[in-house]
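A short worksheet on the structure shown next.
The values are calculated or read from the model by the stated rules, or taken from the named source; none is laboratory data. Being a predicted model, the structure only gives us computed values, none of them experimental. Note: ideal-geometry Cβ built from the backbone for every residue, glycine included; neighbour counts use all protein chains shown.
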Amino acid sequence: MQALESIEDWDIRDYVRSTARKCGVNLDNLTKGEVVPFPRPLKGVYELSEAKIREYNRELAEVEEAQEQCRGCDGCSCQHKDKWKNLTVKADCWNDEVHLALNNCKFTQQKSREKKLKSLMEAAKIPEKYREDTWEDLTIQQGNMRAVALAKKAVQDGRSLYLWGKCGTGKTKLTSIIANERLKKGLPVLFVSLPELYSGIKANFDKGGSSCELLELVKKAECLILDDLGASNRTEWSVGILQELVDYRYANALQTIITSNNSMAELKSYLVIRDKQGKPMDEKQSARITSRLEEMCHTAKLDTPSFRQKQEENLR
């Protein structure tokens, strides 16, 4: 840059002085006749000495250019250099040094959230029929009002639920919506049909494998939805599996949501193992399971006309 004294036009001299100041160059500190490289003008204000602004001028200008590219980005194609691809960059200054802060850009974060949601959805095992359902897909009636209210609270505060009622009253649909709402928040959930769980454990035994891995996965799920409790034939083995599940989740205060056709009193009777003459063999195990469930869960009955029956009538 030509020394300021050699410029005769005062307007130009003021412009050069102002621009130089923005670039961290104090022309008053230059010796007469000194020629210095003119730094790129910076838009931001940085807590740096003039010497450091000159030293870091190129890096700061690159940062500002990258930030300008971010402002005009539509998420389709990142215009940054390879070192900053799909990142946001910010220059933080302290102790007269420049420190770059890099973070994933909003589009990268969104893609990451979508990938996580897809992964959670696949792991959740929600019935295909209900995977898109939301609260708006429910028909609120007198017979399901309490159950829906408790379901919404369960999404908010992680409470456990025992929902019961006749077939076709919407128990699986309601619990699927609970699962979907958790997934929207990025929270894991595992939806398991109890009869299918029993079959899966038995299949592992039949193949000579161990059921431990499958059972441990279900036991330790952050939020577990057990569908159709009481829909399979009870055996000493199946009731033992259920007790192991309930005991573990009770002891570890894990959210557990259960659907059944049976009230808690009916479930207590159903779980009693009987001999061939129908006499109870052991009532303590059944009482232990239902006692745990009563302490863990808020209970609600779904007492609405059967949706399935309505569909069948409409087809006639």
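Here are the numbers for the structure shown:
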| item | result |
| --- | --- |
| Residues that are of a type in the set (Asp, Glu) and touching a strand residue (DSSP E or B) at 6+ places or on another chain (Cβ under 9 Å), drawn from the range 57-93 | Glu59, Glu62, Glu64, Asp92 |
| Strands (runs of 3 or more DSSP E) wholly inside the range 96-200 that include at least 2 residues being modelled with pLDDT of 85 or more and exposed (fewer than 15 other Cβ atoms within 10 Å of the Cβ) | 97-104 |
| Residue within the range 202-214 that is within 22 Å of Pro127 (Cβ to Cβ) and of a type in the set (A, V, I, L, M, F, W, C) present | yes |
| The range 260-283, subset among the aliphatic types (A, V, I, L, M) and in contact with a Leu (Cβ under 8 Å, 6 or more places away or on another chain), residue nearest to Ala147 (Cα to Cα) | Met264 |
| Hey, Leu150 in contact (Cβ under 8 Å) with a residue 60 or more places away in the chain, of a type outside the set (Gly, Ala, Ser) and touching a helix residue (DSSP H, G or I) at 6+ places or on another chain (Cβ under 7 Å) or not | no |
| Ser77, sole failed condition from (1) part of a loop (DSSP other than H, G, I, E, B); (2) of a type in the set (Ser, Thr, Tyr); (3) buried (at least 17 other Cβ atoms within 10 Å of the Cβ) | (3) |
